[in-house]
Amino acid sequence: MANIEYRKFIALDISEKNYLSWVLDVKLHLSAKKLRHAIDEDNAATNEERATALIFLRHHIDDDLKYEYLTIENPLELWQNLNNRFEHLKAVVLPKALND
């Protein structure tokens, strides 16, 4: 049990509640681990870096999302799929924040 890695931050909730903060947390943590390029379009990540980034992403998403994206083996593809699914929140949340 001592080898289990605990989540660094709250996992992405399937209800969409924490998507914007989750995106920032993922980008910061992957940057700190020098793996940010694994989720960039023009990435030149090694297979090991891709696997590490994918494990990190899957560890920080809701279990229902894990099952939904079970067959994805590329962190960039998973990142893009999640972005496509939740990106509408930027249009909803950010304009409201600007008006407050």
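Nothing in this text is a laboratory measurement; each read-out follows from the coordinates by a stated rule. A quick note: this is a predicted structure, and the numbers were derived from the prediction, not measured. Note that each Cβ is placed from the backbone with ideal geometry, even for glycine, and that neighbours are counted across all protein chains shown.
Around I61, which amide H atoms from residues at least 5 apart in sequence, or from another chain, sit under 5 Å from its own amide H, with H modelled in the peptide plane?
Excluding prolines and chain starts, which carry no amide H, the hits are L12.
Just the number, please: Stokes-Einstein D of segment 32-92 in µm²/s, Kirkwood Rh from C-alpha pairs, 4 °C, 1.567 mPa s.
The calculation lands on 107 µm²/s.
How far apart, in nm, are two points set 7 Å out from the Cα along the Cα-to-Cβ line at A51 and at K17?
3.5
Kindly write out, for segment 30-40 in residue order, the coupling ³J(HN,Hα) from the Karplus curve 6.51 cos²θ - 1.76 cosθ + 1.60 (θ = phi - 60°), rounded to whole Hz, with x marking Gly and Pro.
These are the phi-based 3J(HN,Hα) values: 5, 5, 5, 8, 6, 10, 4, 5, 5, 10, 9 Hz.
Each residue of segment 68-82 in order: what ³J(HN,Hα) in whole Hz does its phi give by Karplus 6.51 cos²θ - 1.76 cosθ + 1.60, θ = phi - 60°, with x for Gly and Pro?
5, 10, 4, 8, 7, 10, 10, x, 5, 5, 4, 4, 5, 4, 5
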